[in-house]
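Structure record follows, encoded as structure tokens.
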Amino acid sequence: MGSHGLPGGRDAVLYHRAITHLDGPAARYDDGGPRQLMMTTYDYLGLLGHPLLAERAKEAIDRFGTGAHGTCAGASTLGLQRLLERRLAEWAGREDALVFPSGFQANQSAIPAIAGKSDWIFSDEFNHASIVQGCQIARARGAVLRVFRHNDAADLARALREAPAESVKLVVSDSVFSVDGDLLDLPAFARSCREHDAFLYLDEAHGLGVLGPRGRGLHDHFALPSGGADFLMATLSKTLASVGGFVAASAPLIDALRRSARGYVFSGAPPAPVCAAVLAALDVLDAEGAARRDLLRRNVAHLKRCLRSEGVEFPPGCEAAIVPVPVGDERRTLDIAEYCRGRGVMVVPMVWPICPRGQARLRLNVTAHHIEQDISTAVACVAAALRATAR
Ligand code: PMP
């Protein structure tokens, strides 16, 4: 395998353990080890296992079966998918939306469908792997790619000035960066895009349901009336407790993607239970989103309090539900994760190639399903592991 193998090389065995039992934010794995408190889950608002989602998914299976009947281009789009696309568009405040089999596939096929030969793409150096993949495909098809310094609107503006005025320009970024949980400076980026007549494509994988008073993502967090981005992408596999991805935008832009995004046209249509479960998740968010976000925010604040009181450092600016603990050394980071796992706390060791070499860290994800005691327990375990592995 080339240099883009699994993170951690032979230590990647940590990733191969499989969950056999799930109980809220706790899980059992197939290694016979202790029950794990998961500080790894993306189920930010605790909707996974919600009875309404299960009930609607089962009804949908009874009517349409478990899987895709074929591709969208092959006349297999279900009415439920259309309903979901309209609902996601409405939710995102856009005219239309397109659902893909995964968030990864959404990014890797929408980006090259938007920016083709001779168009210019501008991508943050810390964007998610699926965005990097989308940009590379676009470049292979003749687009010009510029990678700007992380979250640096001035560096982006410099790069934008390089592009010919008449060229199509697409700026692509995560809203919440998935390694460090920091937020894009959306007001500055939206301004720069307006000034240079560039499209802005925002990946809200970790912001959807989480950020802003209404949980609508980064523009809601910054109270931007315009919505901020031309293309709003997000995944169905985190807060929405299912699997899939979507892109929302104006009707003509989505219409163009519906015809040209290969991951949509040539892949199996989203199956009925997925569509029904996500529609139910959106209903739950309408009814209970604010209360669940409140719980989540209290849990994030509690996590930060616990880390501070244990003297564990974390970077400023992580305002979503991801809090990283910088460690540096890769071996030590893997040892810490293993120490915690042995004591029933699952944390993600972020090592190369997810992070640059020598900048490994642990990542703690918080959800509305955790209780304060879970968080205190996890932080005490991480702090003990840091002490036990200090040299
Ligand atoms: N974008 C970001 C920022 C992500 O973190 C992820 C998944 N970790 C994806 C896209 C891909 O989403 P999916 O899991 O639906 O493929």
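The table for this structure:
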item: Reachable lysines from LYS238, criterion Cα separation under 28 angstrom, eight or more residues apart if same chain; result: LYS58, LYS304
item: Segment 68-270: relative contact order in percent, alpha carbon pairs under 8 Å with at least 6 residues between; result: 30 percent
item: Centroid-to-centroid separation of segment 260-287 and segment 44-120 [C-alpha atoms, Å]; result: 3 Å
item: Order of LYS169, LYS238 under a 10 Å beta carbon neighbour criterion, fewest first; result: LYS169, LYS238
item: Relative contact order %, the chain, counting alpha carbon pairs below 8 Å whose residues are six or more apart; result: 24 percent
item: Length gained when the stretch ARG191-LYS117 is fully extended (0.36 nm per residue, less Cα-Cα span); result: 24.1 nm
item: Cross-link reach list, lysines versus LYS117, counting only Cα pairs under 30 Å and skipping chain neighbours closer than eight places; result: LYS169
item: Segment GLU125-ARG149, extension gain: residue separation times 0.36 nm, minus the distance between their alpha carbons; result: 8.1 nm
item: Derived scalar couplings ³J(HN,Hα) [segment 349-357; Karplus, 6.51 cos²θ - 1.76 cosθ + 1.60; whole Hz; x for Gly, Pro]; result: x, 9, 10, 3, x, 5, 10, x, 4
item: Convex hull of segment 173-244 built on C-alpha atoms - directionally averaged projected area, nm²; result: 4.7 nm²
item: In order through segment 143-156: 3J(HN,Hα) via Karplus (6.51 cos²θ - 1.76 cosθ + 1.60), integer Hz, x for Gly, Pro; result: 7, 8, 10, 10, 9, 9, 4, 3, 6, 10, 5, 5, 5, 4
item: For segment 42-88, projected area of the alpha-carbon convex hull averaged over all directions, nm²; result: 4.4 nm²
item: Principal axis box of segment 68-270, alpha-carbon based, largest edge first, Å; result: 47, 40, 29
item: Unit charges on C-beta of K, R, D, E only; dipole of the chain, Debye; result: 520 debye
item: DSSP-defined antiparallel bridges as percent of all bridges, segment 68-270, nearest 5; result: 40 percent
item: Reciprocal of mean inverse Cα separation for the chain (Kirkwood radius, Å); result: 21.7 Å
item: Share of Cα-Cα pairs in segment 69-166 lying beyond 21 Å, as whole percent; result: 48 percent
item: Antiparallel DSSP beta bridges within the chain, as percent of all bridges there, nearest 5; result: 60 percent
item: Note, ³J(HN,Hα) from phi for segment 248-257, Karplus 6.51, -1.76, 1.60, rounded to Hz, x at Gly and Pro; result: 10, 6, 5, 4, x, 5, 5, 4, 5, 5
item: Structure-based [θ]222 nm, the chain - -39500 (n - 2.57) summed over DSSP H runs of at least 4, per residue, nearest 500; result: -13000 deg cm²/dmol
item: Cβ-placed point charges (K, R +1; D, E -1), dipole of segment 36-88 about Cα centre in debye, nearest 20; result: 180 debye
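Since every read-out is calculated from the coordinates, none of them should be taken as a lab result. Just so it is clear, the structure is predicted and the values come from calculations on it, not from any experiment. Because the Cβ atoms are built from the backbone with ideal geometry, glycine has one as well, and the counts that use them run over all protein chains shown.
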